[in-house]
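Notes follow the structure.
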Amino acid sequence: MGDLFVLAISCIFINNILLAQFLGNCPFLGTSKKMETAIGMAMAVIFVLVMAGLITWIVDIYLLKALNVEYLRTVSFILVIASLVQFVEMFLKKSIPGLYAGLGIFLPLITTNCAVMGVCLINIKEDYTFLQTAVSSFAYAVGFGLALILFAGVRERIDIARVPKCLQDTSIGLVTAGIIALTFMSFKGMV
Amino acid sequence: MIPALLFMLGIGAVCGIVLSLSSKVFYVYEDPRISQVENNLAGANCGGCGYAGCSAAADAIVSGKEMPSLCVINSKEGTQAVAKIMGINAGSAESPMSYNMCEGGLRADNKYHYMGISSCKAMSLVFGGKRVCGVGCIGLGDCVKACQFNAVHLGSNGYPVVDDDQCVGCGACQKACPKEIIEVKTLSEKLMKFNQVNDPLAPCAQTCPAEINIPRYINQLREGKYKEAVQTIRMRNPLPLACGRVCPHPCEDQCRRGVEDEPVSINQLKRFVADYEMNTGSRIPITCAPDTGKKIAVIGGGPAGLSCAFFLRRIGHQVNIFEAMPKLGGMLRYGIPEYRLPKKVLEWDIQGILDLGIKAFTHLNFGVDFGLGSLMASGYEAVFLGVGAWEDYSLGIDGEDLNGCFTGINFLQRISSGEKIKLGRTAAVVGGGNTAVDCARTLLRLGLDKVYIVYRRTRKEMPANEVEIVASEEEGIHFVFLAAPTRVVGDADKKCTQLEYLQMQLGEPDASGRRRPEPIEGSETLLDVDMVISAIGQSPDASFKKHDPHARMTQLELTRWNTIDNDPAILQSSIPYIFTGGDAATGPALVVDAIGSGRRAARSIDCFLKGEPVEPVKDSLQEKRIEESIFTSVDGVKQIQRAKMPELHVNQRLNSMVEVDLVLPKDSAHKEAERCLNCCRICYNPDSDFPISK
């Protein structure tokens, strides 16, 4: 239990998917203009990442490893994750319209997101068990959401600040992201 | 190689089968327009619109939450394609445009020295901005920064100027503005805008009953943009030629220049640009919103009816006008004589309105030839009742029915219709209003030797327009003041020979603020005249209520002055689908009042047809003044003479009905426009020798 907690903390803060591993930068910049959008995106990522992490773990153990075709990991993961997200989108739309209204519009955005893909590959690389995979996927997604929401808050402030023309919008966004990443570096050594 | 291929084929097939099955199982109907719209968006999933991805944006557009121009990186063609897809929805195809009300910007004083970040939003957090003017533009250009299409730039006066060709109506500027100065509105919204308490309005624009943006059109005239000036006027007044001639211009009484100097001759300038359009011979195109498919009947083709029809047509409704007289124009045609408003000029104004696609049916008397029942059966969804006030009050004295006695409007109307009336040599016109003066001046032109105006108070109390009184004095009309007619004396043939009146003296002021005339006992005097015209006021002819057999008609409530009872803020009568305005609702008033009420009724009718509650405009300024904008002294104004209205010499005008007042020549019009201080709520431009301090 203690191990799992340490794993979660390390995934959220120390190895933050956005600010330490720099995966998933497109939604990080694209959906961080408004707090409202950022929160929706964060929820959707948590939802999809947990599901994708688990299903790719199953695919890896019972298909790739069993059939000895590990070299097809990346390409088959892409296919599986994309299909999964599509399936979940359809399922939610029909069965849980309330949840779909909140998350649905973000789902297609995550389909081929490198953060999702990256977490799935990390899970395999680290040889996590099924339970560990579930915890790490969830924790990485929480880390993603945390960074995204923090960043959206910062960007909303920047919007009314005086920014030189050449640095406006995405440029200052990237600079800010770099500084936030630096602050996250201070978590190193915590575990 | 083979196992890899087989593996991928297998996993692909499984995914494909699962997805295709689930698309059947989990099928949910979705508006097909969403995917059509999405195909026409930029497809970059950039998030620039504030929505997460293009499909979310498409959803928002189709659900009507956002405009077709939502996508900030979409091409103009893409935006148009989206608009076209959405155009299937009635009413939403009208493209909005950014529009700025404030013309102040840098002109207002500062309350404090601001050193914070350069953003309107930030500055407005500190006491609503540094400018003294509470509603005006802050001028740091948040709207300029917000615009993705380079359609907004800050003009020389420090306020945003919108380039209509670039603007796609995305609304970004409106969202960025903390002051509600720049607003994105459709044409209909702009046409149906009424003065509100927090609007940046000059005193003249607050006063104008039609709510014309006076400083704006004078400014456009000054810049030589006559067409734009006419368009500015037409946003509020469909009859610029007629109004430019007959309006008693209450706006000029409030002119800020008038505090220190003579007021700007606003109406002359309106006439100048309106005449310019007529003299070029080609009409400036008038834009209308897309058709809504709703049908409205306008009863009465006078200024109120024409105005209501014009605005309803411009916001996309189908309008038909029903008129009892042979031609449209109402009092403008039949009550105002040719020498003040030539029929040819009026015809041009009216034709311009009909050209929008309004049908007019004449010789149709409401209640007799058609009624409420037949209108409803023909599919009209609302009715505007603008029947005017055509019933003359009678004097109530003996001998009123003798030969040679007439009533004012009836007389003017018969002359205007070209009827030959047997005239006398001398005439007395009883009354002091415009109708009386019109009758007297018309009689003089018809060749009478001597015309008296008999009025029971003095010249100071005469309600007629000052210019009209001056003109009639010049033309040699005799005034008999402080005289109350008591009897018309006739001879054996029942022909009028004399008018007997009682002399009066002025007593205490009455409710209207005018001193009440009191008769002097035993002061009966006789005036030798063979014609007597009583022009002491009119009331609406409400006989249609009696004649119309439709059961609903009995519910139409009238006031004790025979006017149609309504709520003055929304002009709805006691029957919900009947709206009213002009003289029929207020009793005799100005042409420009009727025009203003026509537009107000159009707004209420539009609300009514859309199924929205018909409520007064929020914070409506109607008839009130904004206190902070009314000054008691004005710095920086020097005396510059007001342009003198050119007019025909008295010798030339008395033997014909030729128009007396002439249009200003171009150079004097421009000189007069230069006199305008281009006021706003509290800003104004002092005369050129003074530094801009206010």
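Name the residues whose placed amide hydrogens come within less than 5 Å of the amide hydrogen of residue B:489, ignoring near sequence neighbours (fewer than 5 apart) on the same chain.
So residue B:489 has HN proximity to B:497, B:498, B:499, B:500.
Can you give me the Cα centroid spacing of segment B:488-537 and segment B:398-449 in angstrom?
Distance between centres, Cα-based: 16 Å.
How would B:644, B:327, B:270 line up from fewest to most surrounding beta-carbon atoms within 10 angstrom?
In increasing order of surrounding Cβ atoms, one gets B:644, B:327, B:270.
Would you kindly derive the ³J(HN,Hα) couplings of segment B:159-175 from the backbone phi angles with the Karplus curve 6.51 cos²θ - 1.76 cosθ + 1.60 (θ = phi - 60°), listing them in order in whole Hz, with x for Gly and Pro?
10, x, 10, 9, 8, 4, 5, 8, 5, 10, x, 6, x, 5, 5, 4, 5
Positive end of the charge dipole of segment A:113-191 (Lys, Arg +1 and Asp, Glu -1 on Cβ, about the Cα centre): tell me which of A:123, A:163, A:174 has its Cα farthest that way.
After comparing all options, I get A:163.
DSSP H helices in chain B with Cα extent of 18 Å or more along the helix axis and mean Kyte-Doolittle hydropathy at least 1.0?
B:2-25
Counting Lys and Arg as +1 and Asp and Glu as -1, each charge on the Cβ, what is the dipole of chain B about the Cα centre in debye, to the nearest 20?
Using only the charged Cβ atoms, the result is roughly 1360 debye.
As a check on your grasp of the helix formula, calculate [θ] at 222 nm for chain B: sum -39500 (n - 2.57) over DSSP H runs of n ≥ 4, divide by the residue count, round to the nearest 500.
Calculated at 222 nm, the ellipticity per residue is -9000 deg cm²/dmol.
From the C-alpha coordinates alone, can you work out the Kirkwood hydrodynamic radius of the protein assembly as shown, in Å?
Evaluated over the protein assembly as shown, this radius sits at 32.8 Å.
Under DSSP H, which helices of chain A have Cα atoms covering 18 Å or more of the helix axis and a Kyte-Doolittle average no less than 1.6?
The qualifying helices are A:35-59, A:170-185.
Residue B:516's amide H: which non-local residues (gap 5+, or another chain) put their own amide H closer than 5 Å, with H modeled 1.01 Å from N in plane and none for Pro or chain starts?
Long-range HN contacts for residue B:516: B:507, B:508, B:510.
Show which lysines lie in cross-link reach of residue B:638 when reach means a straight Cα distance below 19 angstrom and same-chain residues fewer than eight apart are skipped.
Excluding near neighbours in sequence, the set is B:671, B:694.
Looking at chain B from every direction and averaging, what is the projected area of its Cα convex hull in nm²?
Result: a mean projected hull area of 41.1 nm².
Which value results when the Cα radius of gyration for segment B:99-138 is divided by 2.2 N^0.38 Å?
1.10
Order these by the 10 Å Cβ neighbour count, fewest first: B:223, B:468.
The order, fewest Cβ neighbours first, is B:223, B:468.
Using Cα-only point scatterers and the Debye equation, what is log10 of I(q)/I(0) for segment B:199-249 at each q in 0.20 Å⁻¹, rounded to two decimals?
Debye curve over Cα of segment B:199-249, log10 I(q)/I(0) at q = 0.20 Å⁻¹: -0.68.
Relative contact order for chain B: what percent, with Cα pairs under 8 Å and sequence separation of 6 or more?
Worked out over chain B, it gives 15 percent.
In terms of Cα to Cα distance under 19 Å, which lysines are near enough to residue B:495, apart from those fewer than 8 places away along the same chain?
Cα-Cα hits under 19 Å: B:420, B:422, B:450.
In chain B, with Lys and Arg counted as +1 and Asp and Glu as -1 at Cβ, which of these residues, B:86, B:248, B:506, has the Cα nearest the positive end of the dipole, that is, farthest along it?
B:86
Would you mind checking which residues have amide H under 5 Å from residue B:479's amide H? H placed 1.01 Å from N; only 5 or more apart, or other chain.
Those qualifying (amide H under 5 Å, at least 5 residues apart or on another chain) are B:453.
Work out the charge dipole of segment B:385-498 with +1 on the Cβ of Lys and Arg and -1 on the Cβ of Asp and Glu about the Cα centre, then indicate which of B:426, B:478, B:454 is farthest towards its positive end.
Looking along the dipole axis, the top candidate is B:426.
Out of every Cα-Cα pair in segment A:2-185, what percent are more than 23 Å apart?
Above the 23 Å cut-off, segment A:2-185 has 44 percent of its Cα pairs.
Looking at the P(r) of segment B:391-539, how many percent of alpha-carbon pairs lie beyond 18 Å?
Summing the P(r) tail past 18 Å for segment B:391-539 gives 55 percent.
Tell me, what is a quarter of the convex hull surface for the C-alpha atoms of segment B:97-185, in nm² with one decimal?
5.1
Lysines near residue B:24 by alpha-carbon distance under 21 Å, same-chain residues fewer than 8 away left out - which ones?
Reachable lysines: A:93, A:94.
Anything over 26 Å Cα to Cα? Flag those among B:190/B:344; B:121/B:610; B:84/B:618; B:359/B:545; A:165/B:193, in the order listed.
Distance filter (> 26 Å) returns B:190/B:344; B:121/B:610; B:84/B:618; A:165/B:193.
Return B:550, B:670, B:249, B:363 ranked ascending by Cβ neighbour count within 10 Å, so the fewest neighbours appear first.
By the 10 Å Cβ count, ascending: B:363, B:550, B:670, B:249.
Which ³J(HN,Hα) values in Hz, rounded to whole numbers, follow from the phi angles of segment B:483-490 under the Karplus curve 6.51 cos²θ - 1.76 cosθ + 1.60, where θ = phi - 60° and Gly and Pro get x?
Karplus-based 3J(HN,Hα) across segment B:483-490 equals 9, 10, x, 10, 6, 9, 9, x Hz.
Can you pull the percent of Cα pairs in segment B:284-347 with separation above 20 Å?
Pairs farther apart than 20 Å: 36 percent.
Each value in this text was obtained by applying a stated rule to the coordinates, not by laboratory testing. Since the model is a prediction, treat every value here as computed from it, not as a measurement. With ideal geometry, Cβ positions are generated from the backbone for all residues, glycine too; neighbour counts draw on all protein chains shown.
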